[in-house]
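No value in this document is a laboratory result; all are computed from the given coordinates. Here the structure is a predicted model, which means the values were calculated and not measured. Note that we place each Cβ from the backbone using ideal geometry, even for glycine, and neighbour counts take in every protein chain shown.
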Amino acid sequence: MIPKGLFSQISMIVLAVAIAFTYVKPTFDEIGKIQDDIAKYQTELSGVVYVNSQLAKHVASMDGVSIDDKRRLLTYLPNEIDEIAVARDLKNITDLSGAQYMNVESNGLAENIEKDPDPMNPRPQAVSFDLSAEGSYEEIKNLFKLMEQNDYPLEVQGVSIDRQGVDFLGVNISIFSYAYLEDYFGTI
């Protein structure tokens, strides 16, 4: 038997509205939250896929570096500085320039170089050297030219030049040589 009175119909409408507010609306709200989470997840997933593809591209470019190029890079910017070899090279460069070698002294790690502030982006370490030589203007000029053409970086940090005679100059040069302390290419 179906009630046909006005009171019964109003009661059914109120009951339907109550069911809608207590069950249907919270269910729709929860479904909406789940859909928002799914959309956010898909956005984040596409970002991760992009980053992974960029990383794969960079890894492929690193793997594409030839062994000869890796050796050249390690010669130009080695993993460590052999202070005796650098001192010997500075003496040989001085001798090749025609200037008279006086002295070379290693001062160890340079203090004014910024320490690695960011471990994800390490900076090269520098060892400081002081070179003393004497020679003519042309010989001193040739000394700087030969240092510039070296296989690894010799960065001139300071120079003092004194006149030693009519055509003779004394020069004291502060030099930095650099090395990365990280092994980026593994064993070659």
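Do me a favour and compute the ellipsoid semi-axes for the chain from its Cα gyration tensor, root of five times each eigenvalue, largest one first, whole Å. Write out the running numbers ahead of the final one.
Details: eigenvalues 1258, 68, 28 Å².
Result for the chain: semi-axes of 79, 18, 12 Å.
Per DSSP H run of at least 4 residues, take -39500 (n - 2.57); add these up for the chain, divide by its residues and hand me the 222 nm value, nearest 500 deg cm²/dmol. It would help to have the intermediate numbers written out before the result.
On the way: 5 runs with 90 residues, N = 188.
Mean residue ellipticity at 222 nm (helix-derived): -16000 deg cm²/dmol.
Can you tally the net charge around Asn172? Count Lys and Arg as +1, Asp and Glu as -1, for every other residue whose Cβ sits under 14 Å from the Cβ of Asn172.
On the way: positive: Arg163; negative: Glu105, Asp130, Glu134, Asp162.
Summing Lys and Arg as +1 and Asp and Glu as -1 gives -3.
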